[in-house]
Amino acid sequence: MSRLNETHDASLRSWVDSANADGADFPIQNLPFGVFRRRGTNESWRGGVAIGDRVLDLGAAQAAGVFSGDAAAAAVQAAKPLLNEFMSMGPRYWSALRLALSRALRDGAAAQARLAACLLPQADAEFSVPARIGDYTDMYASIYHATNIGRLFRPDNPLLPNFQWVPIGYHGRASSIGVSGQQFHRPHGQIMPPGAQAPVFEPCRRLDYELEIGIWVGVGNAQGESIALDEVDAHVFGLALFNDWSARDIQSWEYQPLGPFLSKNFASTISPWIVTMEALEPYRVAWDRPKDHPQPLAYLESDDNRARGGVDMRIESWIETARMRAAGAAPVRLSHSTFAHSYWSVGQMVAHHTGGGCNLNPGDLLASGTQSGPDPSEAAALIEITAGGKNPVDLGNGESRTFLEDGDAVILRGWCERSGYARIGFGECRGVVLPART
Ligand code: MN
């Protein structure tokens, strides 16, 4: 059964001209959801859809009478200041609204005259975290990251034996997740200096980023019930870019035996737009496990997961130092990889998370863990790029970095492309490091 439909047709063009530009992140085949208001106002936050360099105000479009039936019911919820209720409605409503938007935004659509007044330039908008995140779980799904970082923390035993059997995760902090543009102070925490007898409580000196995929839960599950691997598509709403800022010197002292604490809970940044799983369908790829590795237990194994469990989402991390910003210089790319390298699929992460009866709720967030690939150029955190701070990375403007300095911005970007289909993008996930509070 093909999950592709008329909304994926690469030949579709929009009457919003900027959506048709080469390399645009938001062509009519994308239609991601977010929450916005006019920049610098006290207007209420409201749901919107990205099209080209504009955002379509869903409440205004609904009031203009553009939608009917399931699409209208979905638009009422998707227009709210938080998308949780829309996300809880499930694929029938998500798809109905996507189809209605695709038809209304196409070249020649009768709705053009009514919708043109419902568009705002994204440059004139500000965005918020698009849903109330009840719970956030950070996974650890890249074997390349787990091996690289494990080698630094435990040279004799880099990959712990459970990694190839369990989609590893820990419960993170939802309160400090902010939307792209977030600025946060360098965190304090306990650090054990080399050779010292006692730790100090000081600002982090080894501040890092982690390039991850955010996985937004749509339809939840009842406590005590699990989500079977092949049912996950009916529960996951979409994907975004996610930066799990990490204080490595705090982490290395505190992480055993129960995992990260202050090293991870001070800030995380998510991109404003949620690209739906339906939009991502053309870029699904096979999920594979090398024959000489342990094969998944039965609850993490299915033909459908083997056939289309992966997502070929190209991901990049960039740095913009304060000096670059002052000079008007472009950011410098630090890494590039694809989510298709992930050792565990989105389906396996969700099936395992709920496998013991844990209930997920609409708007809950999973992150994929740092998505490093096999090549050194695919290392998705500075601790890997610089081998634990031993090999500084040259930024080409006279600056170099081992870890992040005050004033540094990290920018994550992502997109999908495949021959015969449109290129769709995720926009940007940007965060800036401020000096530690004194
Ligand atoms: Mn992480």
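The values are calculated or read from the model by the stated rules, or taken from the named source; none is laboratory data. Predicted model, so just to flag it, every value in this text is computed and none were measured. Note: ideal-geometry Cβ built from the backbone for every residue, glycine included; neighbour counts use all protein chains shown. What goes into the accessible areas is simple: the full protein's heavy atoms, side chains included, and nothing from ligands, DNA or RNA. Shrake-Rupley method; radii C 1.70, N 1.55, O 1.52, S 1.80 Å.
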Filter result (more than 16 Å from the ligand (Cβ to nearest atom) and touching a strand residue (DSSP E or B) at 6+ places or on another chain (Cβ under 8 Å)) within the stretch 225-248: HIS235, VAL236, PHE237, GLY238
Restricting attention to the stretch 204-221, and to residues there that are of a type outside the set (Phe, Trp, Tyr), away from the ligand (no atom under 16 Å from the Cβ) and open to solvent by less than 40 Å² (accessible area, probe 1.4 Å), which single residue is farthest from the chain's Cα centre (by Cα)? ASN221
Just the residues that are surrounded by 23 or more Cβ atoms within 10 Å (Cβ to Cβ) and in a loop (DSSP other than H, G, I, E, B), please, taken from the stretch 30-44. ASN30, LEU31, PRO32
How many of the residues making up the stretch 255-288 are closer than 24 Å to SER2 by Cα and without any contact (Cβ under 8 Å) to a residue 40 or more places away in the chain? 3
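Looking at GLY52, GLY108, GLY59, which is the one that is at positive phi and surrounded by fewer than 22 Cβ atoms within 10 Å (Cβ to Cβ)?
Among GLY52, GLY108, GLY59, only GLY108 is at positive phi and surrounded by fewer than 22 Cβ atoms within 10 Å (Cβ to Cβ).
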From the option list ARG308, ARG325, single residue qualifying as charged (D, E, K, R), touching a residue at least 12 places away in the same chain (Cβ under 8 Å), out of contact with any Cys (no Cβ under 8 Å at 6 or more places or on another chain) and within 30 Å of ASN397 (Cα to Cα) is ARG325
For ILE315, only one of the following conditions fails: (1) within 16 Å of the ligand (Cβ to nearest atom); (2) free of Cβ contacts under 8 Å to residues at least 24 places away in the same chain. What is its number? (2)
Residue in the stretch 68-79 that is in contact with a helix residue (DSSP H, G or I) (Cβ under 8 Å, 6 or more places away or on another chain), on the phi > 0 side of the Ramachandran plot and open to solvent by 50 Å² or more (accessible area, probe 1.4 Å) present: yes
Being under 16 Å from TYR140 (Cβ atoms) and either without any contact (Cβ under 8 Å) to a residue 24 or more places away in the chain or not hydroxyl-bearing (Ser, Thr, Tyr) (or both) narrows it down to one of HIS336, HIS341, so name that one. HIS341
From the list PHE36, PHE26, exactly one residue is more than 22 Å from ARG314 (Cα to Cα), touching a Ser or Thr at 6+ places or on another chain (Cβ under 9 Å) and outside the structural domain of ILE270 (by TED's automatic domain parsing). Which is it? PHE36
Checking ARG306 against (1) under 20 Å from PRO32 (Cβ atoms); (2) in a helix (DSSP H, G or I), which test does it fail? (1)
Just give me the residues in the stretch 225-248 being of a type in the set (D, E, K, R), farther than 25 Å from VAL410 by Cα and surrounded by 22 or more Cβ atoms within 10 Å (Cβ to Cβ), in sequence order. none
Could you check how many residues of the stretch 104-142 are within 16 Å of the ligand (Cβ to nearest atom), outside any loop (DSSP other than H, G, I, E, B) and of a type in the set (Ser, Thr, Tyr)? 2
Run GLN251 past the list (1) open to solvent by less than 10 Å² (accessible area, probe 1.4 Å); (2) within 21 Å of ILE177 (Cα to Cα) and report the number of the one that doesn't hold. (1)
What are the residues in the stretch 153-203 that are in a strand (DSSP E or B), open to solvent by 60 Å² or more (accessible area, probe 1.4 Å) and among the polar types (S, T, N, Q), if any? GLN183, GLN190
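Can you tell me which residue among PRO260, PRO282, PRO272 is within 16 Å of the ligand (Cβ to nearest atom), within 25 Å of the chain's Cα centre (by Cα), outside any strand (DSSP E or B) and outside the structural domain of PHE86 (by TED's automatic domain parsing)?
Only one candidate passes the filter, namely PRO260.
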Looking for something in a helix (DSSP H, G or I), crowded, with 24+ Cβ neighbours inside 10 Å and among the small types (Gly, Ala, Ser) - is there at least one such residue anywhere in the stretch 349-366? yes
